[in-house]
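*Asks:* Just dropping this structure here.
The values are calculated or read from the model by the stated rules, or taken from the named source; none is laboratory data. These numbers were taken from a predicted model, which means no experiment stands behind them. Neighbour counts run over all protein chains shown; Cβ positions are idealised from the backbone, glycine included.
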């Protein structure tokens, strides 16, 4: 390399010519993450009685889908009844042969619609939201600017969340060592994203304007939900200064369907905040 292109690395580390995975760093997911895809063990997925079968965990990405399903049911779409099976990602259950058949990327959530022949598999949370919204004709405007705005903010969330979760969330909450440069880098970007939302919501009730859509359901568990809950970084990032974002966040949090959807497939939390699996509306009725 010439002097003008020479990269500066922290003292004590020089990238090898060929990267190889390490096993001595530890961390929450050290024993789960691998550089190759595919199933790691044979296990079929359970199937319940409802048309829609969801295989998930109550992470921010999982909450998106269960919130939409509960909103659909609250709006009178009885065909949206579903079974929600827990896939514990901390135990590596997403690598079963049954789950990988639905989602080759082995990430929750994944959905199976058994009303079609053959059955329809849907993976990636944003794809599931669009599929369900179009299937039931709800929470996705049919045309015009509101439809474009819904897709704008949905795709914004899908592209931004890795900076928040895999970036700040990992290095701030999960990494076995605290790396100042990494935390500063992702804190900067996360605060920029919070400011994007706060500025927009200063003049809009919801992300797509006056209409509550799947874009709101996608963003809500992440901004500022994950920062206040999963990662415990609310004070660190001074989330309280984003008043317009918090107005929107608390308004959505008060919706009965959101209260129900956010607890499904959750395994951590206080009394009334967790429901490992959901197979009937009455499972949630017991909590509310």
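Let's see how each residue does on (1) surrounded by 20 or more Cβ atoms within 10 Å (Cβ to Cβ); (2) outside the structural domain of residue 121 (by TED's automatic domain parsing); (3) within 17 Å of the chain's Cα centre (by Cα); (4) over 21 Å from residue 72 (Cα atoms):
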| position | (1), (2), (3), (4) |
| --- | --- |
| 131 | no, no, yes, no |
| 159 | no, yes, yes, yes |
| 179 | no, yes, no, yes |
| 199 | no, yes, no, yes |
| 215 | yes, yes, yes, no |
| 229 | no, yes, yes, yes |
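*Asks:* All but one of (1) in contact with a helix residue (DSSP H, G or I) (Cβ under 8 Å, 6 or more places away or on another chain); (2) touching a residue at least 40 places away in the same chain (Cβ under 8 Å) hold for residue 224, so report the exception by its number.
*Replies:* (2)
*Asks:* Specify the residue that is surrounded by the fewest Cβ atoms within 10 Å (Cβ to Cβ); the eligible residues are those in segment 134-157 that are farther than 22 Å from residue 62 by Cα and in contact with a strand residue (DSSP E or B) (Cβ under 8 Å, 6 or more places away or on another chain).
*Replies:* The selected residue is 145.
*Asks:* Scan segment 78-88 for residues that are out of contact with any helix residue (DSSP H, G or I) (no Cβ under 7 Å at 6 or more places or on another chain) and crowded, with 19+ Cβ neighbours inside 10 Å and jot them down.
*Replies:* Answer for segment 78-88, where residues must be out of contact with any helix residue (DSSP H, G or I) (no Cβ under 7 Å at 6 or more places or on another chain) and crowded, with 19+ Cβ neighbours inside 10 Å: 83, 85, 86.
*Asks:* Something else about it: Mind checking which residues of segment 241-277 are surrounded by fewer than 21 Cβ atoms within 10 Å (Cβ to Cβ), over 20 Å from the mean Cα position of the chain (by Cα) and within 26 Å of residue 190 (Cα to Cα)?
*Replies:* Hits for segment 241-277 are 241, 243, 244, 247.
*Asks:* Just checking, does segment 93-111 include any residue being surrounded by fewer than 19 Cβ atoms within 10 Å (Cβ to Cβ) and either modelled with pLDDT under 95 or farther than 30 Å from residue 174 by Cβ (or both)?
*Replies:* Checked against the condition, which is being surrounded by fewer than 19 Cβ atoms within 10 Å (Cβ to Cβ) and either modelled with pLDDT under 95 or farther than 30 Å from residue 174 by Cβ (or both), segment 93-111 yields no hits at all.
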